[in-house]
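What follows draws every value from the coordinates through simple rules; no lab data is involved. Keep in mind it's a predicted model, so treat the numbers as computed, not measured. Neighbour counts run over all protein chains shown; Cβ positions are idealised from the backbone, glycine included.
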Amino acid sequence: MAEEDTKHDYPDAVDMPAPSFWPMILAFGVTLLLTGIVTNYVVTLVGFVLSARAAVGWWRDVIPHELHEEVPVRHPADWAVPVRTTGRSVASLRVGAAHHRMRIPERVHPYKAGIWGGIAGGIAMAILACIYGQVAHGSIWYPVNLLAATVLPSISQAGETALGQFQLVAFGVAVGVHTITSILVGVLYAVTLPMFPRRAPLWAGFIVPLFWTGLIAATLALTNPALNDHINWIWFIACQIAFGLVAGFVAAKTQRIDTMQNLPFIERAAIESQWSEKPDGKGRQ
C-alpha cells in the first residue's frame, strides 16, 4: 500500500512546450532576404518566401494556444543507479604554464608556404585558362583580356576580335591582378588549412573553390560585366579547382611551425629585457 501511494505522488507525464524549428528557418530566411540586396533579387525572393512561411508556422505554434507535448516522467524507483566516482585526481595547468588555454591551432603553416602555394596554383589556373582560350576562341589572349576588363573599362566594350588580340597594357594588368589575388588566396590557405578537418587538401581543392565560385557568380555582373557575358562556367570551375588542388597541396606539404602563444610578451615582441640571461647563465642588467 505504501508503494502505491508513493507512485501516485508522481505523475506519469508532464506538459512541456513543444520544440519548434520555425525560428531557425525564419532567421535563415531573413538572412537570405538581406543578402539578396547586394547579390541577386532571386535570393531576396527565396528569403521572403522562407520568412513568410516560417512566420506563419511559428504563429500557429503559439496562437491561439501554445503547442505542448507530454514528456514521460520516470518513477524514482526506476531511476538509474547513481554514478560512483573514484578517488582519481586530474592535474590542473597553472596559469601562464605551457598549453594553458591554448588557441587552436597550436601549429600553423608559415606565410611563405601560402605565397608559394598561391603562385603554383595561379600558374596551374592560368594554364587551364589559356587552354580554354585556345580551344574555344582560337587565342590564348582571350581569357587574359577578360580578366583585365576588371580594371580597364575600355576592354569591357571590346568585341570578340579585339578580345582575342594581344594588348600589352591588358596583359600587364591581368598578370598583376592574377598574381596579387593568387598570393592573397594562397596565404589565406596557409592560415586556414590547419583549421580544416582531416584531408585538408581535399577541402581546399574542391569544397572551398565551389564555395567562392558561387559567391563570384552572384556578384560577377557588378564587378566584371564583360567576363560575366563571355564566361564559360564549366571551364571557370575547372580552373578554380585546379588552383585549389595545387595551392592546397603545396601549402599542406610544408612543415608546420609552433605558434608563439606560450612565449612571454617580451619574447613575442622581440624586446631585449634587462634581466635576460647571459650565455654563462647569469642575469645581466
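For a quick protection proxy, order the peptides 17-24, 47-54, 133-140 by their average other-Cβ count within 10 Å, most packed first.
On the way: 17-24: 12.0, 47-54: 16.8, 133-140: 14.9.
Going from most to least packed, we get 47-54, 133-140, 17-24.
Rounded to whole Å and ordered largest first, report the semi-axes of the equivalent ellipsoid of region 13-74 derived from its Cα gyration tensor (root of 5λ).
Output for region 13-74: semi-axes of 33, 11, 6 Å.
What chymotrypsin sites (Phe, Trp or Tyr not before Pro) in region 223-258 are in a loop by DSSP, with at most 14 other Cβ atoms within 10 Å of the Cβ?
Values: sites: W233, W235, F236, F243, F249; in loops: none.
Here no chymotrypsin sites (Phe, Trp or Tyr not before Pro) fit, given the DSSP loop and packing criteria.
Roughly speaking, what is the stretch gain from R256 to V177, that is 0.36 nm per residue apart minus the C-alpha to C-alpha distance, in nm to one decimal?
Numbers: separation 79, 0.36 × 79 = 28.44 nm, distance 2.89 nm.
Here the segment from R256 to V177 would lengthen by 25.6 nm.
In region 107-258, what is the volume of the convex hull around the alpha carbon atoms, normalised per residue and reported in Å³?
97
Assuming R0 = 22 Å, can you tell me the calculated FRET efficiency for the pair Y41 and V151, based on Cβ-Cβ distance, to the nearest 0.05?
So the FRET efficiency works out to roughly 0.20.
Taking other Cβ within 10 Å of each residue's Cβ, how do C239, C130 sort, fewest first? Numbers along the way, then the final one.
Numbers: C239 23, C130 16.
If I rank by nearby Cβ atoms, fewest first, I get C130, C239.
In nm, to one decimal, how far is the R74 label point from the A27 one, both placed 7 Å along Cα→Cβ?
3.1
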